[in-house]
2 protein chains.
Amino acid sequence: MDNFTFYAPTYFAFGKDTERETGKYVKRFGGTRVLIHYGGGSVIRSGLLDRVKESLEAEQIGYVELGGVKPNPRSGLVYEGIALCREEKVDFILAVGGGSTIDSAKAIAAGVSYDGDFWDYYQGKVVEQAVPIGTVLTISAAGSEGSPDSVITKEEGMYKRAATGEALRPRFTIMNPALTQTLPAYQTACGITDIMAHLYERYLTNTKEVECTDRMIEALLLTMIHEGPRAIAEPDNYEARANIMWAGMMAHNNSCGVGRTQDWTSHSIEHELSALYDCAHGAGLAVVMPAVFTYNLQHDVMRFAQAAVRVWGCQMDFGNPQRTAVEGIEALRSFLISIGMPKNFAELGAREEDIEKLAHTACYGDVEAGTTGGFVPLGQKDVEAVYRLML
Amino acid sequence: MDNFTFYAPTYFAFGKDTERETGKYVKRFGGTRVLIHYGGGSVIRSGLLDRVKESLEAEQIGYVELGGVKPNPRSGLVYEGIALCREEKVDFILAVGGGSTIDSAKAIAAGVSYDGDFWDYYQGKVVEQAVPIGTVLTISAAGSEGSPDSVITKEEGMYKRAATGEALRPRFTIMNPALTQTLPAYQTACGITDIMAHLYERYLTNTKEVECTDRMIEALLLTMIHEGPRAIAEPDNYEARANIMWAGMMAHNNSCGVGRTQDWTSHSIEHELSALYDCAHGAGLAVVMPAVFTYNLQHDVMRFAQAAVRVWGCQMDFGNPQRTAVEGIEALRSFLISIGMPKNFAELGAREEDIEKLAHTACYGDVEAGTTGGFVPLGQKDVEAVYRLML
């Protein structure tokens, strides 16, 4: 196990009706003038935004609003939010929504406290200062509610990039699983896929002797396999939603990713797809993951076999572990299809003729790394081959 | 799943040589004058105390010392520590040791900030204010390094009781697994048992639909079963020690205990044993757990069967789940014996003639509850029967 530090000081209030306490938590964490940041329709239609506002008013906390966050959130709205916060002297940012809204709020929070262009943070500069943020979570997926990370797409060039820094961890997160019951099945499935990807990205490590975190990752994957299809089949099943919601946070607050190298190849390769075609991140991951894993299989057959046995319940073929390893990847693929995820480029709306460009951006993009991935560093030709496996 | 809040803002620095950064973390968390609290021999002999002092000196942080913490830490030393902190105007308490030292430090930290008798907190008053504390952990066991809990024995009456409160969570914890390599096998095994007990106490719940936390608990139990015997057989195995250390913290910071009722019968019944006979807490738990589980089996056969199958790898007997459930309890018993733990009253140094008194104190003690345990509330006659199963 590698040396590490771990610090996750987010306050979680979990359960029914907890959004009514939003104002109380904003006050506890020092907010006096709030930007409420959100997407659109459902947050308003469901009455959630009104309940959140009422809770702020009950604590005499003033607020301004900025809606309009889209999936794959864009830099344009971030700049708008930064200007608004400065103008209105906002000292707390409240994200009401899913990962896109939270990530957009984080970008604004970092930008307000920084003299330069906020995009610097999405090119490798670590965020050390930011306006404090809180979240009212409406989608189990990104894990941004408990993480120090944010992903934004820059409109010039359509680069989708990540920033990180402890200052971006939400001060508090309100998690009411009932708020996710109104999600369409497709979005629910995208969220499930994203959570599973966060787990696989940590599972695929070159660090030896990480039994504890291996087991924790497997536990959360098993939870998704058990509860995911239930939430799809019974959208109103509070209990399934609750288990997915806690698993989604635990999957990405890094308590199960400490002390080990991580991969993030699938995210990197997917980000190019959702940046270019504006497909859902989870849907992209569903197509990308089996391809990446198949391509990287030979790098560590036993690791994939371990996942196959412990997570997917495959029989270990002790004479031919690779057979078991492949079985595990196919089990993942079948599971993702069974919950309604796309299985190839065509279903995703991606085009074969873009492959070279996609692979180039993944490897060279605006940060000229030349390779992508922590498990097996893949060069442009490798990434092209991975994309071809998705056809 | 029940509503809950979760907040675990401890900063963890994990890995080799991390104790050399102690001073840096004390400074980061605002300490300017420190009480170093510890037990005795090994912390001094190993040179750890000197390394910690050097790191404080490097940051120009002044300190006073209070050694002498014994296993099953006592109220006497706590009063001494409170007086010393007030006299020396200490603003940060640094525990260098295992759970006993950390718990003693927490009691002092609470007492310094309180006008009344610190023991009030051990009779149910929640700790809302305390001097900040940090820890340098030397034993994987109690989980106190990441928890808001503390257990102290009051010398008048030999009551062993717990206090809790968010103010008791350490600001930081230094976890160097190498520091645990010098532990005798018996103490290592006691720690493993304590960690497993923290997991079982959370596993035995009456809350339905807690798949995510069930799976996490199972993951950590599997880790202990895999790594525990390795640490016993190869005391210098850093990797086994590291996995146990992280599992021990995760087992008790409550991330896998949220949203569910918990049991704590075994701890309650054990506390009377270690208070009266001064046996090791882990050793007591090894004798107590199989007895409690056997006594409570009928309350929820399927829960014990689930543990048997998922944790102990037993075959599910679908025609007779109780057979599987019993097999799981017997597997736990055999495992604990295999790592060197005692199996009955005699090996623990406990006496049959004390059973009535032990059971009475467990149920009525200084807090007159009348019953103990969250899974099945046990009255005095039940507790007596449980003790008899240990003969």
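One residue stands out in the range A:198-225 among those that are over 19 Å from B:Glu218 (Cβ atoms) and within 11 Å of chain B (Cβ to nearest Cβ): the one that is nearest to the chain's Cα centre (by Cα), namely A:Thr207. Does A:Arg20 meet the test of being within 14 Å of chain B (Cβ to nearest Cβ), charged (D, E, K, R), touching a residue at least 60 places away in the same chain (Cβ under 8 Å) and under 23 Å from A:Pro177 (Cβ atoms)? Answer is no for this residue.
Counting only residues that are more than 24 Å from B:Pro9 (Cα to Cα) and over 16 Å from the mean Cα position of the chain (by Cα), how many does the range B:242-286 have? The number of residues fulfilling the criteria is 2. Take the conditions (1) buried (at least 24 other Cβ atoms within 10 Å of the Cβ); (2) in contact with a Leu (Cβ under 7 Å, 6 or more places away or on another chain); (3) modelled with pLDDT under 95; A:Asp194 misses just one of them, which is (3). From the list B:Asp194, B:Asp115, B:Asp120, exactly one residue is outside any strand (DSSP E or B) and within 17 Å of B:His271 (Cβ to Cβ). Which is it? That would be B:Asp194, the only listed residue that is outside any strand (DSSP E or B) and within 17 Å of B:His271 (Cβ to Cβ). With respect to (1) within 25 Å of A:Gly165 (Cβ to Cβ); (2) without any contact (Cβ under 8 Å) to a residue 40 or more places away in the chain, the lone exception for A:Ser255 is condition (2). For the range B:226-239, a residue qualifies if it is surrounded by fewer than 18 Cβ atoms within 10 Å (Cβ to Cβ) and more than 10 Å from chain A (Cβ to nearest Cβ), and the qualifying residues are B:Pro229, B:Ala233, B:Glu234, B:Pro235, B:Asp236. Taken together, the residues in the range B:30-47 that are in contact with a Ser or Thr (Cβ under 8 Å, 6 or more places away or on another chain) and surrounded by 21 or more Cβ atoms within 10 Å (Cβ to Cβ) amount to 4. Taken over the range A:228-241, the criterion of being farther than 21 Å from A:Ala13 by Cβ and either in contact with a helix residue (DSSP H, G or I) (Cβ under 8 Å, 6 or more places away or on another chain) or at pLDDT below 95 (or both) is satisfied by A:Gly228, A:Pro229, A:Arg230, A:Ala231, A:Ile232, A:Glu234, A:Pro235, A:Asn237.
Residue check: A:Ala346 meets all listed conditions (1) crowded, with 17+ Cβ neighbours inside 10 Å; (2) among the small types (Gly, Ala, Ser); (3) on the phi < 0 side of the Ramachandran plot but one, namely (1). Could you check the range B:59-87 and list, in sequence order, the residues that are out of contact with any Gly (no Cβ under 9 Å at 6 or more places or on another chain) and among the charged types (D, E, K, R)? Those that are out of contact with any Gly (no Cβ under 9 Å at 6 or more places or on another chain) and among the charged types (D, E, K, R): B:Glu65, B:Arg74, B:Arg86, B:Glu87.
With respect to the conditions (1) over 26 Å from B:Gly257 (Cβ atoms); (2) not in a helix (DSSP H, G or I), A:Pro170 falls short on a single one, namely (1).
Determine if the range A:254-261 includes at least one residue that is surrounded by fewer than 20 Cβ atoms within 10 Å (Cβ to Cβ) and in the same structural domain as A:Lys357 (by TED's automatic domain parsing). Within the range A:254-261, one or more residues are surrounded by fewer than 20 Cβ atoms within 10 Å (Cβ to Cβ) and in the same structural domain as A:Lys357 (by TED's automatic domain parsing).
Restricting B:Arg351, B:Arg333, B:Arg388 to residues that are surrounded by 19 or more Cβ atoms within 10 Å (Cβ to Cβ) and either under 25 Å from B:Val210 (Cβ atoms) or among the charged types (D, E, K, R) (or both) narrows the list to B:Arg333.
Go through the residues of the range B:289-297 one by one and say whether even a single one is aromatic (Phe, Trp, Tyr), touching a Gly at 6+ places or on another chain (Cβ under 6 Å) and outside the structural domain of B:Ser100 (by TED's automatic domain parsing). No, every residue in the range B:289-297 fails to be aromatic (Phe, Trp, Tyr), touching a Gly at 6+ places or on another chain (Cβ under 6 Å) and outside the structural domain of B:Ser100 (by TED's automatic domain parsing).
Taken over the range B:315-349, the criterion of being part of a helix (DSSP H, G or I), without any contact (Cβ under 8 Å) to a residue 60 or more places away in the chain and among the aromatic types (Phe, Trp, Tyr) is satisfied by B:Phe345 alone. So, in the range B:51-77, how many residues would count as being at positive phi and crowded, with 19+ Cβ neighbours inside 10 Å? Final tally of qualifying residues: 1. Considering B:Arg323, B:Arg303, which residue is more than 24 Å from the chain's Cα centre (by Cα) and not aliphatic (A, V, I, L, M)? Checking each option against the conditions leaves just B:Arg323. Test B:Tyr364 against the criterion of being crowded, with 23+ Cβ neighbours inside 10 Å and among the hydroxyl-bearing types (Ser, Thr, Tyr), and give yes or no. So B:Tyr364 does not fit the description; no.
Selection of the range A:283-324 for residues being among the aliphatic types (A, V, I, L, M) and crowded, with 20+ Cβ neighbours inside 10 Å yields A:Ala283, A:Leu285, A:Ala286, A:Val287, A:Val288, A:Met289, A:Ala291, A:Val292, A:Ala305, A:Ala307, A:Ala308, A:Val311. For B:Glu270, the stated conditions hold: it is acidic (Asp, Glu) and touching a helix residue (DSSP H, G or I) at 6+ places or on another chain (Cβ under 7 Å). Of all residues assigned to the range B:241-251, at least one qualifies as being within 30 Å of B:Ile44 (Cα to Cα), facing another protein chain (nearest Cβ under 9 Å) and of a type in the set (S, T, N, Q).
When the residues of the range A:23-48 are narrowed to those that are away from every other protein chain (no Cβ under 14 Å), of a type outside the set (Val, Ile, Thr) and touching a strand residue (DSSP E or B) at 6+ places or on another chain (Cβ under 6 Å), which ends up nearest to A:Cys85 (Cα to Cα)? In this case the residue turns out to be A:Leu35. Would you call A:Thr180 polar (S, T, N, Q), within 14 Å of another protein chain (Cβ to nearest Cβ) and farther than 17 Å from A:Ala247 by Cβ? Here the answer is no, as A:Thr180 does not meet what is asked. In the range B:9-100, counting only strands (runs of 3 or more DSSP E) that sit wholly within it, the ones holding 2 or more residues that are farther than 18 Å from B:Pro170 by Cα and not basic (Lys, Arg) span B:62-66. For the structure I just gave you, tell me whether A:Tyr11 is within 14 Å of chain B (Cβ to nearest Cβ) and either in contact (Cβ under 8 Å) with a residue 12 or more places away in the chain or closer than 30 Å to B:Met249 by Cβ (or both). So A:Tyr11 passes the test.
Of all the listed residues (B:Tyr159, B:Tyr186), the sole one being surrounded by fewer than 24 Cβ atoms within 10 Å (Cβ to Cβ), touching a residue at least 24 places away in the same chain (Cβ under 8 Å) and within 28 Å of B:Gly365 (Cα to Cα) is B:Tyr159.
Can you spot a residue in the range B:78-88 that is touching a Lys or Arg at 6+ places or on another chain (Cβ under 8 Å) and surrounded by fewer than 19 Cβ atoms within 10 Å (Cβ to Cβ)? Checked against the condition, which is being touching a Lys or Arg at 6+ places or on another chain (Cβ under 8 Å) and surrounded by fewer than 19 Cβ atoms within 10 Å (Cβ to Cβ), the range B:78-88 yields at least one hit. Out of B:Thr164, B:Thr138, one residue alone is touching a strand residue (DSSP E or B) at 6+ places or on another chain (Cβ under 6 Å) and closer than 30 Å to B:Phe304 by Cβ. It is B:Thr164.
The values are calculated or read from the model by the stated rules, or taken from the named source; none is laboratory data. Quick caveat: nothing in here was measured; it's all calculated off a predicted structure. So basically every Cβ, Gly included, is an ideal-geometry build from the backbone, and we count neighbours across all protein chains shown.
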